[in-house]
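Trainee: Right, I'll just put the structure down here and ask away after.
The values are calculated or read from the model by the stated rules, or taken from the named source; none is laboratory data. Every value quoted in this text rests on a predicted model; they were computed, and no experiment measured them. Ideal geometry is used to build each Cβ from the backbone, glycine not excepted, and the neighbour counts take in all protein chains shown. Remember, those area values only see protein heavy atoms, side chains included, never the ligands or the DNA or RNA. Shrake-Rupley method; radii C 1.70, N 1.55, O 1.52, S 1.80 Å.
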Amino acid sequence: MTSSGPLRWAGRDCIKPVKVDKRPGSAVTKIHIEDDGSYFQVDQDGGTRRLEKARVSLNDCLACSGCVTSAETVLITQQSHEELRKVLAANKAVPPDQQRLVVLSISPQSRASLAARFQLSPTDTAKKLTSFFKKIGAHFVFDTTFSRNFTLLESQREFIQRFREQTDSRKALPVLASSCPGWICYAEKTHGSFILPYISTARSPQQVMGSLVKDFFAQQQNLTPDKIYHITVMPCYDKKLEASRSDFFNQEYQTRDVDCVLTTGEVFRLLEEEGVSLPELEPAPLDSLTSTMSVEELTNHRGGGSGGYLEHVFRHAAQELFGIHVAEVTYTPVRNKDFQEVTLEKEGQVLLRFAMAYGFRNIQNLVQKLKRGRCPYHYVEVMACPSGCLNGGGQLKATDVPGKELLQQVERLYSMIRVEAPEDAPGVRELYQHWLQGEGSEQASHLLHTQYHAVEKASSGLNIRW
């Protein structure tokens with residue numbers, strides 16, 4: 001992503017401003033754009049100067065979803081399928097005992113998008129993707145549904161703790177879900193220390209998978225974390241931003257928990273470039289992280305295509321705090337389908353009020369409510385993309401059907417998988433006991449939670465008011 005004038009990608013203007021120096025004494029400096037996309041600074045006296053390209057790094061980007069989430073606009077050297085090719089090629093050039101162990105973790109949202117494109121079931125898609133990646137050099141392929149069990153359980157535990165510790169000022173509430181990296185980047189860079197205390201510290205499924213692979217699985221394989229190359233397949237370009245955070249970097253071994261993030265679209269391009277037809281591949285079973293896990297049948301979680309955070313935390317809180325079993329969660333649209341409420345009432349009194357806010361327009365409305373002290377919610381599931389993760393910027397786009405119809409197909413395929421509560425998932429309790437040294441332990445806090453950092457705004461007349 002480079003430019004020295006106003007950035008423009010895929011027909012959309014980037015909101016990241018860049019400074020254009022004016023010559024002393026010139027009142028107006030204009031920018032002229034050539035047909036080839038080159039930028040020239042035009043001075044008042046008619047003189048021109050070609051503007052040099054400036055690189056905007058991941059850490060500079062505002063994650064506005066206008067450019068970071070567009071396939072044509074972001075070239076991230078260590079976060080692409082070309083980088084995966086290099087690692088696989090390097091592995092083939094050395095003896096097996098000198099190779100890095102290549103591990104892939106595939107999200108259920110990406111799987112559903114590919115299933116819709118190839119007209120396969122989610123289970124067949126998972127098995128054929130496993131076959132494909134192993135054919136090109138991967139050693140293990142996992143499903144991130146397993147890691148999401150830990151994210152959901154930690155989110156439940158954190159909410160209960162904050163609810164019980166809340167004061168009259170309600171500074172601990174609402175808890176804002178944290179698994180969307182676009183939302184996190186926006187919060188850190190535009191609302192800083194004000195908004196961060198509200199955000200859940202539970203790591204996203206991608207980063208919990210990073211802990212599982214680079215810590216637990218590495219121990220099982222008798223390897224140090226740097227001897228494993230871990231790739232995730234995600235529905236969102238902003239997951240590349242998340243993987244690049246310094247919080248998820250192991251200083252001792254100089255390695256990231258997630259080395260490379262591929263979007264669904266990048267996996268599709270990799271299939272095309274390899275000349276592989278996914279439906280024609282022989283299926284291969286997914287790998288399991290523990291001996292008690294079964295991967296013969298895929299599982300999923302309740303509550304929609306973004307992970308079900310609202311629904312799982314709501315059900316758990318109703319039972320844990322008030323002894324009320326919620327059989328069915330009823331959503332009530334407030335502004336639109338991307339802003340909905342769920343309430344728990346008893347004898348006319350509202351005990352819990354939760355909401356989901358998808359898309360930046362709804363997020364900004366939520367933030368304004370918080371700033372005015374008028375936010376009535378105890379918990380909010382926040383996602384940057386309208387319609388949530390199944391409609392992520394890295395998902396496959398519609399070709400021969402309308403976009404709305406494709407999204408409905410993806411949602412249907414995603415919901416076909418058997419639902420399983422995170423506390424009932426095989427292997428989860430085993431890992432809490434033996435790997436994490438118990439629920440709520442220091443080890444669990446270290447490997448399953450993270451922290452956020454307010455980003456100082458540069459002192460410049462170019463600053464944007466949000």
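Trainee: Give the residue that is surrounded by the most Cβ atoms within 10 Å (Cβ to Cβ), with candidates limited to residues of the stretch 362-390 that are among the hydrophobic types (A, V, I, L, M, F, W, C) and touching a Ser or Thr at 6+ places or on another chain (Cβ under 9 Å).
Mentor: Per the stated criteria, the residue is Val382.
Trainee: Go through the stretch 339-348 and report how many residues are outside any loop (DSSP other than H, G, I, E, B) and either touching a helix residue (DSSP H, G or I) at 6+ places or on another chain (Cβ under 8 Å) or more than 20 Å from Phe159 (Cα to Cα) (or both).
Mentor: 4
Trainee: Consider Leu390 carefully, then state whether it is in contact with a strand residue (DSSP E or B) (Cβ under 9 Å, 6 or more places away or on another chain), among the aliphatic types (A, V, I, L, M) and either assigned to a loop (DSSP other than H, G, I, E, B) or within 25 Å of Leu176 (Cβ to Cβ) (or both).
Mentor: no
Trainee: With respect to the numbered conditions (1) open to solvent by less than 30 Å² (accessible area, probe 1.4 Å); (2) farther than 23 Å from Thr201 by Cβ; (3) among the aliphatic types (A, V, I, L, M), which one is the sole condition not fulfilled by Val419?
Mentor: Failed condition: (1).
Trainee: Could you tell me which residue of the stretch 318-338 is most open to solvent (accessible area, probe 1.4 Å), considering only residues that are without any contact (Cβ under 8 Å) to a residue 60 or more places away in the chain and part of a helix (DSSP H, G or I)?
Mentor: Top of the filtered list is Gln319.
Trainee: Between Gln161, Gln207, Gln156, which is in a helix (DSSP H, G or I), of a type outside the set (A, V, I, L, M, F, W, C) and surrounded by fewer than 17 Cβ atoms within 10 Å (Cβ to Cβ)?
Mentor: Of the residues listed, the single one that is in a helix (DSSP H, G or I), of a type outside the set (A, V, I, L, M, F, W, C) and surrounded by fewer than 17 Cβ atoms within 10 Å (Cβ to Cβ) is Gln161.
Trainee: Among the residues of the stretch 289-308, which ones are closer than 21 Å to Leu413 by Cβ and not small (Gly, Ala, Ser)?
Mentor: Val295, Glu296, Glu297, Leu298, Thr299, Asn300, His301, Arg302
Trainee: Just give me the residues in the stretch 236-272 being farther than 27 Å from Val455 by Cβ and touching a residue at least 60 places away in the same chain (Cβ under 8 Å), in sequence order.
Mentor: Across the stretch 236-272, the qualifying residues are Thr264, Gly265, Glu266, Val267, Phe268, Arg269, Leu270, Leu271.
Trainee: Residues of the stretch 391-411 being at pLDDT 95 or above, open to solvent by 50 Å² or more (accessible area, probe 1.4 Å) and farther than 19 Å from Asp338 by Cβ, which ones?
Mentor: Gln409, the sole residue that qualifies.
Let's see how each residue does on (1) in a helix (DSSP H, G or I); (2) in contact (Cβ under 8 Å) with a residue 40 or more places away in the chain; (3) surrounded by fewer than 18 Cβ atoms within 10 Å (Cβ to Cβ):
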{"residue": "Cys185", "(1), (2), (3)": "yes, yes, no"}
{"residue": "Lys189", "(1), (2), (3)": "yes, yes, no"}
{"residue": "Phe194", "(1), (2), (3)": "yes, yes, yes"}
{"residue": "Val213", "(1), (2), (3)": "yes, yes, no"}
{"residue": "Asn222", "(1), (2), (3)": "no, no, yes"}
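Trainee: In this structure, is Arg353 assigned to a strand (DSSP E or B) and among the basic types (Lys, Arg)?
Mentor: So Arg353 passes the test.
Trainee: If you go through the stretch 415-427 one residue at a time, do you hit one that is in a helix (DSSP H, G or I), modelled with pLDDT of 90 or more, farther than 19 Å from Met293 by Cα and out of contact with any Cys (no Cβ under 9 Å at 6 or more places or on another chain)?
Mentor: No - not one qualifying residue is present in the stretch 415-427.
Trainee: Same structure, new question: Listed residues Leu289, Leu270, Leu241, Leu298; which is modelled with pLDDT of 95 or more and either aliphatic (A, V, I, L, M) or out of contact with any helix residue (DSSP H, G or I) (no Cβ under 7 Å at 6 or more places or on another chain) (or both)?
Mentor: None of the other options fit; the residue is Leu270.
Trainee: Collect the residues in the stretch 235-261 that are closer than 24 Å to Val175 by Cα and open to solvent by 40 Å² or more (accessible area, probe 1.4 Å), keeping them in residue-number order.
Mentor: Answer for the stretch 235-261, where residues must be closer than 24 Å to Val175 by Cα and open to solvent by 40 Å² or more (accessible area, probe 1.4 Å): Arg245, Ser246, Asp247.
Trainee: Confirm whether Lys227 is of a type in the set (D, E, K, R) and within 30 Å of Gly359 (Cα to Cα).
Mentor: Spelling it out, it is not the case that Lys227 is of a type in the set (D, E, K, R) and within 30 Å of Gly359 (Cα to Cα).
Trainee: Same structure again: Among the listed residues Arg164, Arg157, Arg111, which satisfies the condition of being over 25 Å from Lys397 (Cα atoms), among the basic types (Lys, Arg) and at pLDDT 95 or above?
Mentor: Arg157
Trainee: Determine if the stretch 82-91 includes at least one residue that is buried (at least 24 other Cβ atoms within 10 Å of the Cβ) and either on the phi < 0 side of the Ramachandran plot or not in a loop (DSSP other than H, G, I, E, B) (or both).
Mentor: yes
Trainee: Just one of (1) buried (at least 21 other Cβ atoms within 10 Å of the Cβ); (2) part of a helix (DSSP H, G or I) trips up Ser179, so point out which.
Mentor: (2)
Trainee: Please enumerate the residues belonging to the stretch 115-131 that are among the hydroxyl-bearing types (Ser, Thr, Tyr) and buried (at least 21 other Cβ atoms within 10 Å of the Cβ).
Mentor: If the condition is that a residue be among the hydroxyl-bearing types (Ser, Thr, Tyr) and buried (at least 21 other Cβ atoms within 10 Å of the Cβ), then Thr125, Thr130 are the ones that fit.
Trainee: Now a separate question. Can Thr232 be described as under 19 Å from the mean Cα position of the chain (by Cα) and open to solvent by less than 20 Å² (accessible area, probe 1.4 Å)?
Mentor: yes
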